[in-house]
Amino acid sequence: MAASLSFATLFAAFPSTSNTSRRLQSWNSTRSGGTVSATMNQKTDTPSWVKVAEGHGGLHKVCVSSVHGSEAEIYLFGACVTSWKPSNGKDLLFVRPDAVFDAKKPISGGIPHCFPQFGPGVLQQHGFARNIEWSLLDSDNNGGEPVVTLELKDGLYSRSMWDFGFQALYKVKLSAKGLSTALTIKNTDKKPFSFTTALHTYFRASISGVSVKGLKGCKTLNKDPDPVNPVESTEERDVVTFPGFVDCVYLDAPDELQLENGLGDTITIRNTNWPDAVLWNPHKQMEASYRDFVCVENAQIGKVQLESGKSWVAEQHISSS
Ligand code: TA6
């Protein structure tokens, strides 16, 4: 499952400069003591930080902050973005109070990956990618806006469930008001494979005030009441609200949705090549937290068939106003 995390250093700093990409492929084996530091971008004199710190449960997180004052945190375990604060300092993502950070269970909150299976299916719920430590491969700085790339490759643990060679690259970019991610799946095997995937994004919310716009006319697969035999229908509403339990797949969703989080924020969720969407709120099944979040997920519900050597890429851009 997770790679060994036993290193004594609390922080390692990875400042980067404009147009200079630092290759960090060997970070996991060569990390050594260091102090938190920041350097000025030599070209623009703007500070930009990418640093690795110890997070909950001793797990490692990559902390990025931009020249605009926006910040984000990404746990290497599951390549899970757990915090995204645009320049106004409000964290727009939500981590469930029952989330554990023990490298045994996926982190329940933020932006977990579902790969290579969204589910239900033969693999573990939502696949294994959220249940393995990824590596920090690259960090870069575009004029004070940090970009980091995380990588996951097949190993003994993944092969024990899914016997294929693959490389997943997850590029996360932070700007003043937005967070962009690009997920690339490459088939590094000699044989083809198929997969489904999603970004299971948990947005902080006040559920009675939440609405999602943009899904009218989509074909729906309603997983309530039976997730294994979803009911097919068509979304008739301009604005979807959450008066009770919601677990619904929207096929061929548009490339832009608008979320009102009920806390005064309008969040635009744009995508390239994520064909489907999922809305989820567990309502009384999670009495302690359901009022405080909503999941709006970009998804690939139909199987992608990937030939040897080929790649699939999809991008998500979330921004607030
Ligand atoms: O994306 C919606 C969903 O698949 C629901 O059916 C529900 O199971 C949810 O995800 C939570 O899954 P998790 O394994 O993260 O608790």
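Read-outs throughout are calculated quantities, based only on the coordinates presented, and are distinct from any laboratory measurement. Given the structure is predicted, the values throughout are model-derived calculations rather than measurements. A quick note on method: Cβ atoms are made from the backbone with ideal geometry, for glycine too, and the neighbour counts reach across all protein chains shown.
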request  = Collect residues whose amide H, placed 1.01 Å from N in the peptide plane, falls under 5 Å from the amide H of SER175; neighbours closer than 5 in sequence don't count.
outcome  = SER180
ask   = Label 7 Å along Cα→Cβ of THR188; segment 137-158 residues with amide nitrogen under 17 Å?
value = 137-138, 149-158
request  = Give, as a single signed number, the net charge of other residues whose beta carbon lies under 11 Å from the beta carbon of VAL313, with Lys and Arg counted +1 and Asp and Glu -1.
outcome  = +2
query = Which peptide among 267-273, 126-132 comes first, and what is the full order, when sorted by highest mean count of other Cβ atoms within 10 Å?
reply = 126-132, 267-273
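Which of the peptides 72-83, 105-116, 274-285 is most tightly packed, and how do the rest follow, judged by the mean count of other Cβ atoms within 10 Å per residue?
My ranking of the peptides, most packed first, is 72-83, 105-116, 274-285.
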inquiry  = If amide hydrogens are placed 1.01 Å from N in the peptide plane, which non-local residues have theirs closer than 5 Å to the one on VAL50?
reply    = PHE14, SER16
task = Could you run the Karplus curve 6.51 cos²θ - 1.76 cosθ + 1.60 with θ = phi - 60° over segment 112-120 and give me ³J(HN,Hα) per residue in whole Hz, x for Gly and Pro?
result = x, 8, 10, 6, x, 9, 6, x, x
ask   = On full extension of the chain, what length is gained from MET161 through SER311, given 0.36 nm per residue of separation minus the C-alpha to C-alpha distance?
value = 51.9 nm
note = Between LYS177 and GLN125, Cβ-based FRET efficiency (R0 30 Å, step 0.05) works out to 0.35
request  = Run down the lysines and flag those whose C-alpha is under 20 Å from the C-alpha of LYS191, throwing out any fewer than 8 positions away in its chain.
outcome  = LYS153, LYS303, LYS310
ask   = Among 86-95, 185-194, 225-234, what's the highest-first ranking by average C-beta atoms within 10 angstrom per residue?
value = 86-95, 185-194, 225-234
query = What residue among GLY309, GLY109, THR184 has its Cα farthest toward the positive end of the dipole of the chain, where the charges are +1 on Lys, Arg and -1 on Asp, Glu, each on the Cβ?
reply = GLY309
key: Selected from LEU152, ALA299, GLY217, residue furthest toward positive end of dipole (the chain; charges at beta carbon)   = LEU152
Spin-label pair ARG237/LEU263, simplified geometry with 7 Å Cα→Cβ offset, distance in nm = 2.1 nm
ask   = What nm value, rounded to one decimal, do you get for the distance between SER87 and HIS56 when each label is placed 7 Å out toward the C-beta?
value = 3.0 nm
